[in-house]
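Below is one structure, written out as structure tokens; the observations come after it.
The values are calculated or read from the model by the stated rules, or taken from the named source; none is laboratory data. Fair warning: this is a prediction, and the values are worked out from it, not measured in the lab. Methodologically, a virtual Cβ is constructed for each residue, glycine included, from the backbone with ideal geometry; neighbour enumeration extends over all protein chains shown.
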Amino acid sequence: EFLFSSLVETSTAAELAEKLRADVSPYWAVHYRFGKSAANLSATALAASSLDALLINVAAPLRYAYLRQQGTEDYRERSIEFLCGIKPENNRLVRAFGKSLQPVDASESQALIQLYREYCERRKCFFCRWGYRFLSLSAR
């Protein structure tokens, strides 16, 4: 009922995650589709990785935009702190950096995704501090 106020008033991702945890209704515990029951369903709640993805890709941007629009002085710091409380994403863009750059939280994985989109996809390696360093090391 008060989802948006919960979104902007909670100070940590863990608090918001707890508010968003919900079990599925008994009907969906045994159905994938309307009218077709499935015998071997085991998930009765949102998976932790799905919840983290919602926090990173929906809650964090909404919080940032709202805090900024409200003129909150420390909206950037609060947004980064929020992301620091979430596990890093594990997708192909983050894995593209291999073992050399392992994010420890969602703020770092989002930074890697931004680096990938701005430099790697556009083949601007020499303009990227990391790309330039990797290329100069491989040239030796």
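Only residues that are under 21 Å from Glu18 (Cβ atoms) and hydroxyl-bearing (Ser, Thr, Tyr): list them for the range 53-92, please.
Passing the criteria: Tyr64, Tyr66, Ser79.
Could you name every one of the helices (runs of 4 or more DSSP H) located completely within the range 24-140 that has at least 2 residues being over 21 Å from the mean Cα position of the chain (by Cα) and loosely packed, with under 12 Cβ neighbours inside 10 Å?
Answer list for the range 24-140: 129-138.
Of all residues in the range 102-140, which are under 27 Å from Ile86 (Cα atoms) and among the hydroxyl-bearing types (Ser, Thr, Tyr)?
Ser107, Ser109, Tyr116, Tyr119
Can you find, within the range 5-23, the residue that is surrounded by the most Cβ atoms within 10 Å (Cβ to Cβ) among those that are assigned to a helix (DSSP H, G or I) and hydroxyl-bearing (Ser, Thr, Tyr)?
It comes out as Ser6.
Could you check Ile113 against (1) under 22 Å from Phe2 (Cβ atoms); (2) touching an Asp or Glu at 6+ places or on another chain (Cβ under 8 Å) and say which number it fails?
All conditions pass for Ile113, except number (1).
From Arg68, Arg76, Arg95, which residue is at pLDDT 90 or above, not assigned by TED's automatic domain parsing to the domain that holds Leu3 and not small (Gly, Ala, Ser)?
After ruling out the rest, the residue left standing is Arg95.
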